[in-house]
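Let me begin by presenting the structure, written as C-alpha cells, before commenting on it.
What follows is calculated from the coordinates using simple rules that are stated; it is not laboratory data. These numbers come from a predicted model, not from an experiment. All Cβ positions, glycine included, derive from the backbone under ideal geometry; neighbour counts span all protein chains shown.
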Amino acid sequence: MAHLSASKLTFTPKWDDLSDDEQMAEQVAAIGIVTKFGGTIKSQHVLMTDGCLLTITEYPDEIAAHKAVLAIVRRGAFELQSQSALTLEELVSWQDEIRAVAGK
C-alpha cells in the first residue's frame with residue numbers, strides 16, 4: 001500500500017552560501033533522491049506565513065519515505081519536517097472502528 005508523506009522544507013544556512021547554479025543542483029538532487037526511493041511528488045505549496053514549502057509525496061512505503069528524507073537532509077541545504085499524510089476520507093472511514101474501540 002502506498003504511503004503519503006507531508007514534508008515542510010526550509011533552508012539551512014548552507015543554502016545562502018550556494019550560487020544560483022548550486023541551489024538549482026540541490027533542488028534537482030532532492031527530486032532525484034525522492035525518485036530513487038520510489039517516490040512521486042504529488043503537489044507542492046508555499047506556506048507564506050511559515051516561510052516554507054509543503055510537499056505531498058507518495059512513496060511505496062513509510063521506510064522509503066524516511067530514507068528519502070534522511071538522504072535529502074544529509075546533503076545539508078534543506079531542513080525537512082516530515083509526517084504521514086492522511087486523506088480526510090481515510091480518517092472519516094476509521095470513525096466506526098474508533099468509536100467501537102473507545103466505547104463512545
(message) Exactly one condition in (1) outside any strand (DSSP E or B); (2) touching a residue at least 12 places away in the same chain (Cβ under 8 Å); (3) loosely packed, with under 13 Cβ neighbours inside 10 Å is false for GLN44; which is it?
(response) (1)
(message) For segment 50-104: of the residues being part of a helix (DSSP H, G or I) and of a type in the set (S, T, N, Q), which is surrounded by the most Cβ atoms within 10 Å (Cβ to Cβ)?
(response) SER93
(request) Would you tally the residues in segment 1-30 being β-branched (Val, Ile, Thr) and loosely packed, with under 13 Cβ neighbours inside 10 Å? (result) 1
(request) Considering each residue of segment 12-49, count those that are closer than 23 Å to TYR59 by Cα and either touching an Asp or Glu at 6+ places or on another chain (Cβ under 8 Å) or aliphatic (A, V, I, L, M) (or both), and give that number. (result) 13
